[in-house]
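I have placed the structure first, in the form of structure tokens, so that the comments after it can refer back to it.
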Amino acid sequence: MGAAEGLRIVPLVRDDRVLVTFELADGFTDEVRAAVRSGLKTTFTYTVDLRLEVPAWVDRTIATAVLTNSVEYDNLTRQHSVVRVLDGTVESTQVTDSETVVRQLMTSFQRLPLFRTSVLEPNREYYVRITATARPTNGAFLWPWGSGTSGQAKFTFLR
């Protein structure tokens, strides 16, 4: 499991997929909460790279997935609308009045089937690297680490 500034990542190979579980533990700051409550559309973007470790050379990116979560709060209905988009396709839309549910939807992901194992070579070491960014970044620091954070976790593909 890799961690950097509260980003925890666990890759898991099951059947023909690489499943990725991750959590941005410190992502829903007071500043983010205030931006959401103001009705400002707030978006977290996670770029997930599947990379091959290449000794004494530049590591190679095998595949990339982009996951975008946006939340908008309607002050009249007091409802949050959360939309999850994976590689340009809307995966889910959820409406809730719970800030706890919004926090979980925006920062926690369980066993996402992001990559196929057909692109992997057996008995090689790979890693998943995730870079997280937030919008808006309108001059106020939404996150304690500024414009974004990243983390990675290794795994060995066995067949």
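Of all residues in segment 47-65, those being under 16 Å from residue 114 (Cα atoms) and loosely packed, with under 14 Cβ neighbours inside 10 Å number 1. Residue 84 satisfies every condition listed in (1) farther than 17 Å from residue 7 by Cβ; (2) surrounded by 15 or more Cβ atoms within 10 Å (Cβ to Cβ); (3) modelled with pLDDT under 95 except (3). The single condition among (1) over 19 Å from residue 129 (Cβ atoms); (2) surrounded by 11 or more Cβ atoms within 10 Å (Cβ to Cβ); (3) in contact with a helix residue (DSSP H, G or I) (Cβ under 9 Å, 6 or more places away or on another chain) that residue 79 does not satisfy is (3).
Among the residues of segment 1-18, which ones are in a loop (DSSP other than H, G, I, E, B) and at pLDDT 85 or above? Outline the logic, then answer.
Applying the first criterion (in a loop (DSSP other than H, G, I, E, B)) to segment 1-18 yields 1, 5-6, 15-16.
Selection gives 15, 16.
For segment 82-95, the set of residues classified as farther than 19 Å from residue 134 by Cβ and β-branched (Val, Ile, Thr) consists of 89, 90, 93, 95, listed by residue number. Only one residue in 54, 36, 48 is closer than 30 Å to residue 123 by Cα and at pLDDT below 95, so which one is that? Just one listed residue meets the conditions, 54. Identify, by number, the condition in (1) surrounded by 17 or more Cβ atoms within 10 Å (Cβ to Cβ); (2) at pLDDT below 95 that residue 114 doesn't meet. In the conditions (1) surrounded by 17 or more Cβ atoms within 10 Å (Cβ to Cβ); (2) at pLDDT below 95, residue 114 misses (2) alone.
The sole residue among 28, 44 that is surrounded by 14 or more Cβ atoms within 10 Å (Cβ to Cβ) and out of contact with any strand residue (DSSP E or B) (no Cβ under 8 Å at 6 or more places or on another chain) is 28.
Remark: residue 78 matches the filter, which requires a residue to be at positive phi and not aromatic (Phe, Trp, Tyr).
The values are calculated or read from the model by the stated rules, or taken from the named source; none is laboratory data. It should be emphasised that the depicted structure is a prediction, and the values quoted were computed from it without experimental measurement. With ideal geometry, Cβ positions are generated from the backbone for all residues, glycine too; neighbour counts draw on all protein chains shown.
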